[in-house]
Amino acid sequence: CHGALDKMYETLELLQRRHNVRPDLLLCCGDFQAVRNEADLRCMAVPAKYRHMQTFYRYYSGEKKAPVLTVFIGGNHEASNHLQELPYGGWVAPNIYYLGYAGVVRFRGVRIGGISGIFKSHDYRKGHFECPPYNQQTIRSAYHVRNIEVFKLKQLKRPMDIFMSHDWPRSIYHYGNKKQLLKMKSFFRQEVESNTLGNPAASELLQHLKPTYWFSAHLHVKFAAFMQHETNSKEELPKATKFLALDKCLPHRDFLQIIEVEHDPNAGDSLEYDAEWIAVLKATNSLVNVTQSSWNMPEKNGLHAKWDYSATDEAIKEVLEELNHNLTIPCNFTLTAACYDPSKPQKNMQPVHTINPQTTEFCAQFGLTDINNRIQQAKEEGSGRGECEEEEEEEEEMDSTGSAEEPSEYNTDNSGLSSINPDEIMLDEEGGDEDLSTCSVDPSPDHPPEFSTSFSDIRIMPDSMAVSSDDAMDSNNEDLEKSGGSKQGEEKSSTDRPLKRIGGDENGNSGIKKIKRRNQAIYAAEEEDKTD
């Protein structure tokens, strides 16, 4: 979406006028950019020249209302301070719902799950310790996927209809038209050949959840795949996942896909909690970590007293009874920040750490830890080890539910690969704290989308998601070795040393400076549109 809500909703209205099709639900796979004011712009990880107000603030203030129920996950270009207020999900504006760091909801009987952010191995095992004002490291780590969210989702047992992630599950490109993908995005070749493109944690979730549909974004190219899953027993029915990645919401881009999904025609129009997900949140509440300490989630390896946190039928029944069998998510949206006023710009507005009443109410209702309240308490007591504290502290020992001594289940990070991606934009230490310039709202001309896609290259998904020799193409071993060395160097510098508040310090993680993002094409396209 990238903040272009007017363009997005105008396209839906155009669709209705021209084709008599009115969607019941709109899903957005990240980079939503729920920017309310100039302070939010400062919390979005893009160089200052790309920070534009766009149009979300009009929906936040109530000037406009989303014409269709909208559900979204976070990406890597977000107003992280705003989304951080809702770690378990909530309304960012009337009729616009954020799924949280990870979440599952229901709409007309359709079960929809998602995980926000992108994968970076050096932050994967940390807690959600960041809070505004962010520095050059935490403005990025705030949107990195954490193992606790993946662990929670892997406790789910009941069928999933739709799942969303921002970055692609690793290896998904082997189940679609890979040749066409590399023709459109030739700079993906090295990562595809080495099987390092995408999110390995999402691949695990894909194998575990086996949703009917999986939607992603991030790479700014339309791509479809079809994965037929292996069955665990003769009694288990075969399952398959249709994967679809879409482009950015821009004129002349095929960014919208209409899908007909089986649903309950007698169900109401309200968004609903998922009882199993609530039960899992309650079961895993003791695992909440708001420090920079790295640790693995419990597993059956002899080091943990408990490793199964899945919800029992009794636990799910208790959730239903707590809610009196009324799973409707309350429409309790609350303004928590001043809204942008084009007539009175405030370029020097600074972000603050906010406790959102929606999260307070949700945690009180289900007996959960308010992550932001925990961070705030740690800051006030002087015992926190997150971004909010200026001095480093020694890591505390973990209890029996987790271990800081175990190696990470993911020891690679493809952010340091040597392949050059012309669609990437440098997010270096020099560019992140520039002063804001002007905030603009771009016009939204009508542009009809196309709605065609195809699923091809049906294969059985292996347990390991490993690439077979048939799938792998010839690659330059020397380049891969070089990239691997660079990659491990960054990994070591990121995990061996705890983060600290650096402000203008130059002694932070040197690897961060070289990390690129695949989003230059988006902003370049916006500038082209303005020129046209």
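The values are calculated or read from the model by the stated rules, or taken from the named source; none is laboratory data. Since the structure is predicted, the reported quantities are computational estimates derived from the model, not experimental observations. Methodologically, a virtual Cβ is constructed for each residue, glycine included, from the backbone with ideal geometry; neighbour enumeration extends over all protein chains shown. Side chains are part of the model used for accessible areas, which takes the heavy atoms of the whole protein and leaves out ligands, DNA and RNA. Shrake-Rupley method; radii C 1.70, N 1.55, O 1.52, S 1.80 Å.
Restricting the search to region 48-77, which residues are of a type in the set (D, E, K, R) and closer than 19 Å to Lys248 by Cβ?
Lys49, Arg51
Taking interchain pairs and intrachain pairs at least six residues apart, which have beta carbon atoms under 6 angstrom, with the first residue in region 283-304 and within 23 Å of Ile316 (Cα to Cα) and the second assigned to a loop (DSSP other than H, G, I, E, B) and of a type in the set (A, V, I, L, M)?
Asn285/Leu368
Of all residues in region 299-311, how many are modelled with pLDDT under 95 and open to solvent by less than 20 Å² (accessible area, probe 1.4 Å)?
Total meeting the criteria: 1.
Of a type outside the set (Gly, Ala, Ser), out of contact with any Cys (no Cβ under 6 Å at 6 or more places or on another chain) and without any contact (Cβ under 8 Å) to a residue 60 or more places away in the chain, is that true of Asn95?
When the stated conditions are applied, Asn95 passes them.
Inspect all residues belonging to region 22-31 and state whether any of them is among the acidic types (Asp, Glu) and either in a helix (DSSP H, G or I) or on the phi < 0 side of the Ramachandran plot (or both).
Yes: one or more hits.
In region 41-58, how many are part of a helix (DSSP H, G or I), open to solvent by less than 10 Å² (accessible area, probe 1.4 Å) and in contact with a Ser or Thr (Cβ under 9 Å, 6 or more places away or on another chain)?
Summing the residues that are part of a helix (DSSP H, G or I), open to solvent by less than 10 Å² (accessible area, probe 1.4 Å) and in contact with a Ser or Thr (Cβ under 9 Å, 6 or more places away or on another chain) in region 41-58 gives 1.
Quick one: is Phe243 open to solvent by less than 20 Å² (accessible area, probe 1.4 Å), hydrophobic (A, V, I, L, M, F, W, C) and either assigned to a strand (DSSP E or B) or within 17 Å of Ile112 (Cβ to Cβ) (or both)?
yes
Take the residues in region 1-21 that are aliphatic (A, V, I, L, M) and assigned to a loop (DSSP other than H, G, I, E, B); name whichever of them is most open to solvent (accessible area, probe 1.4 Å).
Selected residue: Val21.
Is there any pair with a first residue in region 310-327 that is of a type outside the set (A, V, I, L, M, F, W, C) and a second that is assigned to a helix (DSSP H, G or I) whose Cβ atoms are under 8 Å apart and which are 6 or more apart or on different chains, and what are they?
Ser310/Val280; Ser310/Ala283; Thr312/Ala279; Glu318/Ala279; Glu322/Gln365; Glu322/Phe366
Determine, yes or no, whether Ala279 is within 25 Å of Ser121 (Cα to Cα) and either under 22 Å from the mean Cα position of the chain (by Cα) or not basic (Lys, Arg) (or both).
Criteria not met by Ala279.
Hey, among Leu368, Leu303, Leu327, which residue is touching a strand residue (DSSP E or B) at 6+ places or on another chain (Cβ under 6 Å), under 21 Å from Phe151 (Cα atoms) and of a type outside the set (Lys, Arg)?
When all the criteria are applied, what remains is Leu303.
Considering only residues that are within 25 Å of Tyr134 (Cα to Cα) and more than 25 Å from the chain's Cα centre (by Cα), look in region 345-366 and name the one that is modelled with the lowest pLDDT.
That would be Lys347.
List, please: which pairs have Cβ atoms under 8 Å, are six or more places apart or on different chains, and start with a residue in region 181-204 that is assigned to a strand (DSSP E or B) and end with one that is of a type in the set (S, T, N, Q) and open to solvent by less than 30 Å² (accessible area, probe 1.4 Å)?
Asn199/Ser165
How many residues, within region 34-60, are more than 23 Å from Ile112 (Cα to Cα), in contact with a Leu (Cβ under 8 Å, 6 or more places away or on another chain) and of a type in the set (Gly, Ala, Ser)?
Qualifying residue count for the region: 2.
Residue-wise test of (1) at pLDDT 95 or above; (2) of a type in the set (Ser, Thr, Tyr); (3) open to solvent by less than 10 Å² (accessible area, probe 1.4 Å); (4) in a loop (DSSP other than H, G, I, E, B).
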| residue | (1), (2), (3), (4) |
| --- | --- |
| Val92 | yes, no, yes, no |
| Arg111 | yes, no, yes, no |
| Val150 | yes, no, yes, no |
| Arg158 | yes, no, no, yes |
| Phe163 | yes, no, yes, no |
| Tyr173 | no, yes, yes, no |
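Yes/no per residue for (1) in a loop (DSSP other than H, G, I, E, B); (2) of a type in the set (S, T, N, Q):
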site: Glu318; (1), (2): no, no
site: Lys344; (1), (2): yes, no
site: Asn348; (1), (2): yes, yes
site: His353; (1), (2): yes, no
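Counting just the residues of region 60-83 that are of a type outside the set (Phe, Trp, Tyr) and in a strand (DSSP E or B), which one comes out surrounded by the fewest Cβ atoms within 10 Å (Cβ to Cβ)?
Leu69
Within region 220-230, which residues are aromatic (Phe, Trp, Tyr) and either open to solvent by less than 30 Å² (accessible area, probe 1.4 Å) or part of a helix (DSSP H, G or I) (or both)?
Phe223
Among the listed residues Ala217, Ala201, which satisfies the condition of being buried (at least 19 other Cβ atoms within 10 Å of the Cβ) and under 25 Å from Ser310 (Cβ atoms)?
Only one candidate qualifies: Ala201.
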